[in-house]
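The structure appears below as structure tokens.
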Amino acid sequence: MSDRQAVEQTVHLYVEGMAFANAAALKKAFHPKSSIIGYYQNAVEWLTRDEFITAILAEEPAPPGTQPFMDIQSVDVEGDAASVKVTDDFAGMRFTDYLSLLKIDGRWVIVSKLYHLHT
């Protein structure tokens, strides 16, 4: 598997983990020290991975068999660093996420998520 494919696989794990409220998938996709940042309800939201997972689990998950909306617009990989722009839906809202990933011990993980909530 190429690095690009492995990065995209991590993004799929993240989106599906979010859509189906799968804490194990989200813990695998995100580094334990990652941050999730954006404007939510007119205020800057700055979450740790575990705070983010708690917020995801508080929402109703997508029904089993649902295909979550995900549109990867760009992937840029340079050595052990990668950047991805992806638009996805969660809890009736559309987000554009800018994900920074790092290859650690041979595995790509999200170290930062900067998001825009579409209105």
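Put simply, of T54, T87, T66 the only residue that is of a type outside the set (A, V, I, L, M, F, W, C) and touching a Lys or Arg at 6+ places or on another chain (Cβ under 9 Å) is T87. Considering only the range 55-70, I want to know if a residue exists there that is of a type in the set (D, E) and assigned to a strand (DSSP E or B). No, the range 55-70 contains no residue that is of a type in the set (D, E) and assigned to a strand (DSSP E or B). Evaluation of A24 against the conditions (1) assigned to a helix (DSSP H, G or I); (2) hydrophobic (A, V, I, L, M, F, W, C); (3) touching a residue at least 12 places away in the same chain (Cβ under 8 Å) shows that the sole unmet condition is (3). A62 meets all of the listed conditions (1) surrounded by 12 or more Cβ atoms within 10 Å (Cβ to Cβ); (2) modelled with pLDDT of 95 or more but one, namely (2). Restrict the check to the range 5-21 and report whether at least one residue is of a type in the set (G, A, S), closer than 15 Å to L117 by Cα and either surrounded by 15 or more Cβ atoms within 10 Å (Cβ to Cβ) or without any contact (Cβ under 8 Å) to a residue 60 or more places away in the chain (or both). The answer is no; no qualifying residue exists. Of the residues that make up the range 86-99, is at least one open to solvent by less than 80 Å² (accessible area, probe 1.4 Å) and assigned to a helix (DSSP H, G or I)? No, the range 86-99 contains no residue that is open to solvent by less than 80 Å² (accessible area, probe 1.4 Å) and assigned to a helix (DSSP H, G or I). Which of the residues that make up the range 101-119 are within 22 Å of S2 (Cα to Cα) and assigned to a strand (DSSP E or B)? Matches in the range 101-119: L101, L102, K103, I104, R107, W108, V109, I110, V111, S112.
The values are calculated or read from the model by the stated rules, or taken from the named source; none is laboratory data. Note that the coordinates shown come from a computational prediction; the quantities given were computed from them, not determined experimentally. So basically every Cβ, Gly included, is an ideal-geometry build from the backbone, and we count neighbours across all protein chains shown. In case anyone asks, the SASA skips ligands and DNA or RNA and just uses the protein heavy atoms, side chains included. Shrake-Rupley method; radii C 1.70, N 1.55, O 1.52, S 1.80 Å.
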